[in-house]
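I have placed the structure first, in the form of structure tokens, so that the comments after it can refer back to it.
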Amino acid sequence: MSPELSRRRMLALGGGALGTAAAGSLLPPSLRAALAAEPPRGGLESVRHVVILMQENRSFDHYFGALRGVRGFGDRNAVELPSGGTVFEQPGPAGPVLPFPVRDAAQAQRKDLQYIGDLDHSWSGGAKAWHDGWMDGWVSAKTAATMAYYDRRDLPLHYELADTFTVCDAYHSSTHTSTSPNRNHLWSGWTGYEADGSRAVTNAAYAEGTHPGYPWPTYAERLEKAGRSWRTYTEWENFTDNNIEFFTTFKQIARKALARVGDVTYMEAFYAKVRTTADAAERERLLAALDRGVAELTPAERSLFERGLRRVPTGGLADAFRADVAAGTLPEVSYLVPSAVDSEHPGSSSPIASASLVYRILDALASHPEVWRHTVLLINYDENDGFFDHVPPPVPPAGDTEERWQGLPTGLGIRVPMLVVSPWSVGGYVCSEVFDHTSVIRLLEKWTGVAEPNITRWRRTVTGDLTSAFDFTRGRRQPAVEQPGPVPPFTGRWRPVPPAEQRMPVQEPGTRPSRPLPYQPDAHARADGDAVMVTLRNTGRASAHFALYPYAGEFTVPQHRDVKGEALWTVPLGGDAYRFTITGPGGFRREFAGRRGGGAQVVSRVDPRDRDLHLTLRNDGSTPLTFTVRPLGYADEADLHGWTRRVTVRPGRARTVVHSASDAHGWYDLEVTADGDEGFRRRLMGRIENGRAGVSG
């Protein structure tokens, strides 16, 4: 039996079979050995290869909501629904539905936890779940199965990769819809328009016999023009996931190459014939006819065909990749497009199938340590299928025509997993900078110098370039990992049903090291007549996205602002009282409540040098006010009372309280109330960045 097949069998058998093989680890022995070496220094110029493995249809909470130290089920910054519950309590026909384990549902329904079925992941279904930013339409749009989640026992290799390398917990799909538009963003930086003028937000490109193709350039073509090497690794059957085939340039090349075949004009139709024929001689005839057609292409066309359209026999992706690694011919940029069975799609695949493929790719790289030492592997997911995630995505302002269609934002989409696997991302880190699929191109841009003008200005404003997920200054050895749990064999497709008695899942206890973030957000508010004037401030080097959730009728739907520097947000009073919440990146949160004409005011200021939060307590009323400043977290239970301060402020005066967050790695969560100003409340939560790696909150 080959090592790969043997390993695949052990993965399927689960932790019991692995105990003697890898001392509790599912990582290839070659990779564990490679991790003992220090990575090369020198920044991005030390990278020689970027490998991109985009898998199918899983949300972040669905996979990693239970993972310790990430923004998961224990998120202190979870938004409140208009109904008053948290975003985790999704409205359903029989009452709220909470996240529930696939494992428990599988046991109750006598099914296999690896093979749950897919859900609605259409443009309209995504909009319904998002519901103008309220995030309360998941069950009605997707069924209660949307709330099903996996944990460490179910996804041992995924969790070990997160514990060994870096997981991104603010990485979003690019748009609220299905596979093809999201992969358009990976390949070209955006998804434009169909030939009929409608926005390309569906899988219309799969109708290859009639679809005219997308006319805008891909990033692969820009790499080609710049003389940078790239290649797509894909098989005879690739689940129509190689989206480069749907762009006009490549469709034209395919038609020319297939002219010798005779009765097909696009690649999927040709390879469908190849893989379905039972006649070996007919298969060889078809392949030979294609080769003759390719030989008649111009050199430039032939290069694009071989790099972007050539497929290898079914089951041969990992072998083809390994062969290029071994031969020293691995290109600078590799796109891995697996078959349906290895794609991780909940309608056609499973996490265990992906684990087997990922294992083989990791082993191919690490078996050649000098290649591994200069390689970045990015494992991401095109979209969330219909699976719930609790973090509302940043969306553009209403007037942004580039990023809106039918009155809805085209992005960002729902969070999906992203694992950054490389010698420079070792350490079990979490990176919470906002990213999407265009961030992959942004990383390639920064590394190669080849620009992608298709990426919109708003996307460049709100998302990063992935460099914050790496530490090029020093290497870190593999941390200890837990013994993976068993993974049961395949038994059939099904949809999980929540239990009769529901309870909120408990996220794994503990923290993890975190990458420094490029944000330094702050906000304070002052009631002024018929409005509340909110001052937004962000002194970080990247723009911060703020979302405002109105709970007292200030607006009809959540509002959005992108700020670098300072901005003023005017929030109209819908009555005599106000209550709204503003959230931002990196766990930032401000809650504002009060009444018209109230005298209490709080002005905040962040001091990044000492990691202090300065609170100026003002009394603009006519009678003395006694403010209470109380910690809500990031201190031992016994210390919470000791940190509480009561400060009396006379009319027309102000006093300043300084809260130190340095002992909590910059994290703070404070509540401010005022005796004498009924209903006044402020909550201030977030992390004060100091430019260095820290600890998750």
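So in the range 294-328, with the set limited to residues that are closer than 19 Å to TYR271 by Cβ, of a type in the set (A, V, I, L, M) and in a helix (DSSP H, G or I), which one is farthest from the chain's Cα centre (by Cα)?
Applying the filter and picking the extreme gives ALA295.
Just to be sure I understand, how many residues within the range 414-448 are crowded, with 24+ Cβ neighbours inside 10 Å, closer than 23 Å to ALA366 by Cβ and of a type in the set (Phe, Trp, Tyr)?
Final tally of qualifying residues: 2.
Only residues that are β-branched (Val, Ile, Thr) and either outside any helix (DSSP H, G or I) or on the phi > 0 side of the Ramachandran plot (or both): list them for the range 250-273, please.
Scanning the range 250-273 gives VAL261, VAL264, THR265.
Give me the pairs: first residue in the range 222-248 and over 21 Å from HIS49 (Cβ atoms), second residue assigned to a helix (DSSP H, G or I) and open to solvent by 40 Å² or more (accessible area, probe 1.4 Å), beta-carbon distance under 7 Å, and six or more apart or on different chains, which are they?
Short answer, once both residue conditions are applied: TRP236/ARG275; GLU237/ARG275; THR240/TYR206.
Can you name the strands (runs of 3 or more DSSP E) wholly within the range 602-697 that have at least 2 residues being basic (Lys, Arg) and open to solvent by 20 Å² or more (accessible area, probe 1.4 Å)?
Counting at least 2 such residues, we get 645-649, 681-687.
List, please: which pairs have Cβ atoms under 6 Å, are six or more places apart or on different chains, and start with a residue in the range 320-337 that is of a type in the set (Ser, Thr, Tyr) and end with one that is open to solvent by 20 Å² or more (accessible area, probe 1.4 Å)?
If the second residue must be open to solvent by 20 Å² or more (accessible area, probe 1.4 Å), the pairs left are SER334/ARG231.
Does GLY74 satisfy the condition of being open to solvent by 20 Å² or more (accessible area, probe 1.4 Å), under 20 Å from the mean Cα position of the chain (by Cα) and either among the hydroxyl-bearing types (Ser, Thr, Tyr) or closer than 25 Å to ILE582 by Cβ (or both)?
So GLY74 passes the test.
Kindly establish whether ILE253 is more than 30 Å from SER354 (Cα to Cα), of a type outside the set (Asp, Glu) and in contact with a helix residue (DSSP H, G or I) (Cβ under 8 Å, 6 or more places away or on another chain).
Here the answer is yes, as ILE253 does meet what is asked.
Filter the range 375-428 down to the residues that are more than 22 Å from GLY192 (Cβ to Cβ) and acidic (Asp, Glu), then identify the one that is farthest from the chain's Cα centre (by Cα).
It comes out as ASP385.
Condition first: among the acidic types (Asp, Glu) and touching a Phe, Trp or Tyr at 6+ places or on another chain (Cβ under 9 Å). Now tell me which residues in the range 158-205 satisfy that. Please lay out each step first, then the result.
Taking the range 158-205 and keeping what is among the acidic types (Asp, Glu), we get 160, 163, 169, 194, 196.
ASP169, GLU194, listed by residue number.
If you take the residues of the range 205-224 that are aliphatic (A, V, I, L, M) and more than 20 Å from TRP447 (Cα to Cα), which of them is surrounded by the most Cβ atoms within 10 Å (Cβ to Cβ)? Outline the logic, then answer.
Taking the range 205-224 first, the residues aliphatic (A, V, I, L, M) are 205, 207, 220, 223.
Going one step further and asking which of them are more than 20 Å from TRP447 (Cα to Cα), we end up with 205, 207.
On the way: ALA205: 24, ALA207: 9.
Checked the range 205-224; the qualifying residue surrounded by the most Cβ atoms within 10 Å (Cβ to Cβ) is ALA205.
Mind checking which residues of the range 329-352 are of a type in the set (A, V, I, L, M), open to solvent by less than 10 Å² (accessible area, probe 1.4 Å) and over 20 Å from the mean Cα position of the chain (by Cα)? Let's see the steps before the verdict.
Step one: of the range 329-352, the residues of a type in the set (A, V, I, L, M) are 330, 333, 336-337, 340-341, 352.
With open to solvent by less than 10 Å² (accessible area, probe 1.4 Å) added as a condition, the list becomes 333, 336-337.
The one that is of a type in the set (A, V, I, L, M), open to solvent by less than 10 Å² (accessible area, probe 1.4 Å) and over 20 Å from the mean Cα position of the chain (by Cα): VAL333.
Inside the range 97-140, can you point out the residues that are among the small types (Gly, Ala, Ser) and open to solvent by less than 20 Å² (accessible area, probe 1.4 Å)? I'd like the intermediate steps shown before the answer.
Within the range 97-140, the subset among the small types (Gly, Ala, Ser) is 105-106, 108, 117, 122, 124-127, 129, 133, 137, 140.
Listed by number, the residues that qualify are ALA105, ALA106, GLY117, GLY125, GLY126, ALA129, GLY133, GLY137.
Please verify whether GLY565 is free of Cβ contacts under 8 Å to residues at least 24 places away in the same chain and surrounded by fewer than 20 Cβ atoms within 10 Å (Cβ to Cβ), treating the condition exactly as stated.
Here the answer is no, as GLY565 does not meet what is asked.
Within the range 517-544, restricting attention to residues that are in contact (Cβ under 8 Å) with a residue 60 or more places away in the chain and in contact with a Gly (Cβ under 7 Å, 6 or more places away or on another chain), which residue is nearest to THR461 (Cα to Cα)?
Taking the candidates together, the pick is ALA542.
What is the one condition in (1) farther than 30 Å from TYR634 by Cβ; (2) crowded, with 21+ Cβ neighbours inside 10 Å; (3) touching a helix residue (DSSP H, G or I) at 6+ places or on another chain (Cβ under 7 Å); (4) not acidic (Asp, Glu) that PRO39 does not satisfy?
Failed condition: (3).
The values are calculated or read from the model by the stated rules, or taken from the named source; none is laboratory data. Because the structure is a prediction, the values reported are computed rather than measured. For neighbour counting, all protein chains shown are included, and Cβ atoms are generated from backbone atoms with ideal geometry for every residue, glycine included. Accessible surface is based on the protein model in full, side chains and every heavy atom, while ligands, DNA and RNA are left aside. Shrake-Rupley method; radii C 1.70, N 1.55, O 1.52, S 1.80 Å.
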